[in-house]
1. Which ones in the range 270-283 are part of a helix (DSSP H, G or I) and over 14 Å from Val260 (Cα atoms)?
2. Regarding Thr264, is this residue part of a helix (DSSP H, G or I), of a type in the set (Val, Ile, Thr) and farther than 18 Å from Tyr94 by Cβ?
3. Identify the residue in the range 303-331 that is of a type in the set (Phe, Trp, Tyr) and under 20 Å from Leu376 (Cβ atoms) and, among all such residues, is surrounded by the fewest Cβ atoms within 10 Å (Cβ to Cβ).
4. May I ask you to list pairs of residues, at least six apart or on different chains, whose Cβ atoms are under 8 Å apart, with the first in the range 91-118 being farther than 26 Å from Arg134 by Cβ and the second being among the acidic types (Asp, Glu)?
5. Quick check on this structure: which one of Ala147, Ala175 is under 30 Å from Ala124 (Cβ atoms), over 21 Å from the mean Cα position of the chain (by Cα) and not aromatic (Phe, Trp, Tyr)?
6. Listed residues Gly298, Gly324; which is more than 17 Å from the chain's Cα centre (by Cα), within 17 Å of Leu251 (Cα to Cα) and not hydrophobic (A, V, I, L, M, F, W, C)?
7. On the basis of being at pLDDT below 95 and aromatic (Phe, Trp, Tyr), does Trp332 make the cut?
8. Restricting attention to the range 82-102, does a residue exist that is farther than 24 Å from Trp258 by Cα and either modelled with pLDDT under 90 or touching a helix residue (DSSP H, G or I) at 6+ places or on another chain (Cβ under 8 Å) (or both)?
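The values are calculated or read from the model by the stated rules, or taken from the named source; none is laboratory data. For clarity, every value in this text was computed on a predicted model and none was experimentally measured. Cβ placement follows ideal geometry from the backbone for every residue including glycine, while neighbour counts extend to all protein chains displayed.
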Amino acid sequence: MFRALSFGAGLARLCPIRPPRGKSTPSLSPRRCSAPKLLRQDRPLHLARVSTVISPSAPDVYQPPTTGILSYLPSSWVPYGELIRLDKPAGTTYLFLPCLWSTILASTLTPVPAAISSMIGTTALFAAGAVIMRGAGCTVNDYWDRAFDPLVARTKFRPIARGAITPRQTLGFLAGQLSAGACVLFSLPTECIYWGIPSLILVATYPLAKRVTHYPQFVLGLAYSWGALLGFPAMGLSLTDPAILATAGCLYASNVAWTVLYDTIYAHQDVSDDIKAGVKSIAVKHESDTKKIMVGAGVIQLGFLSAAGVLAGCGPTFFVGSVGGAAAGLGWMIYRARLRVASDCWYWFRWCAVAVGGVAIGGGLFTEYLAQRSGLYGNERKEALEA
């Protein structure tokens, strides 16, 4: 009996009985019952399974932040802090890491390994640029998605979606962000400016990719990986040199593949809502094969990362630390991630930035820089440094 009642309750949820037009009494006719949108025949069957994604229930009313950095801001500033995701630095970290990698790798390629003070100064400029441009990217994203965000539980209370910031105010704020970003860019060598400007096109067009392709993660990778090119001219190595361009290109391609991997995990938080809203992603298109795609992206990432190391003449510390560490971290993450649990996806998304991007790849590159600067691989570069 209990099974019958449970089945009946489930059926009622799937096929609610609605009153006919103009009447307040419900009709018991089964012809009024229709299948849910996700289970209709015009949807591929494998997409229906994504409705099992477990996500924390979102509040029905916006709650101002009471903890964290946003809670210390004046109330009128809070919507702008939310707009640039000031309380969620993982995205900034992902934008900064390719700048860090290219700066360190370029520092090992200069005729004499660059002074650590020079490398830190350049890295600080990139860090400031990452904070500003990541915020600008979020502003552009929320502006384009202002009609979609109210339909997704996780994003329905974003500032523009809930009306805390108007579209006109958004564009004015974006102009200020881009001006600040330009100041950082103009603080770098001239060649960085030439190479940096095209990235703005990718930043502006990425949010639109979610409407026309199931592979917006690739477009995001093209934008978020641009810093992998800029570190070389920032350290005085011109990308017009074929050898430098090949090294930078391999590092860039590695980061594009990595972006596809980690953003696919991120996209799994919203699969059900994305289908309803018509938002496209790899997680929506290939829900049942996501981990296979992640493995493939990881292999491509490690391959291009290794190629960059070979072209740069890196030694064992890079291949053990950066390549080996990244392989171990990615393998562990792909094996452990529960893609049907939204909170788990968010955890691994943040973990990947710190453990794989920062500790493994970044740490391996910095160790390689120290090894070459100290003459661990021989006395030639050490003698050049002392001279």
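1. Quick first cut of the range 270-283, residues part of a helix (DSSP H, G or I) only: 270-277, 282-283.
Result: Asp270, Val271, Ser272, Asp273, Asp274, Ile275, Lys276, Ala277.
2. no
3. Phe319
4. Short answer, once both residue conditions are applied: Thr108/Glu368.
5. Only one candidate qualifies: Ala175.
6. On the way: Gly298 fails: more than 17 Å from the chain's Cα centre (by Cα).
Just one listed residue meets the conditions, Gly324.
7. Taking the combined requirement at face value, the residue does not satisfy it.
8. Let us first name the residues in the range 82-102 that are farther than 24 Å from Trp258 by Cα, namely 82-83.
Filter once more, so that each one left must be either modelled with pLDDT under 90 or touching a helix residue (DSSP H, G or I) at 6+ places or on another chain (Cβ under 8 Å) (or both): 82-83.
Checked the range 82-102: at least one residue is farther than 24 Å from Trp258 by Cα and either modelled with pLDDT under 90 or touching a helix residue (DSSP H, G or I) at 6+ places or on another chain (Cβ under 8 Å) (or both).
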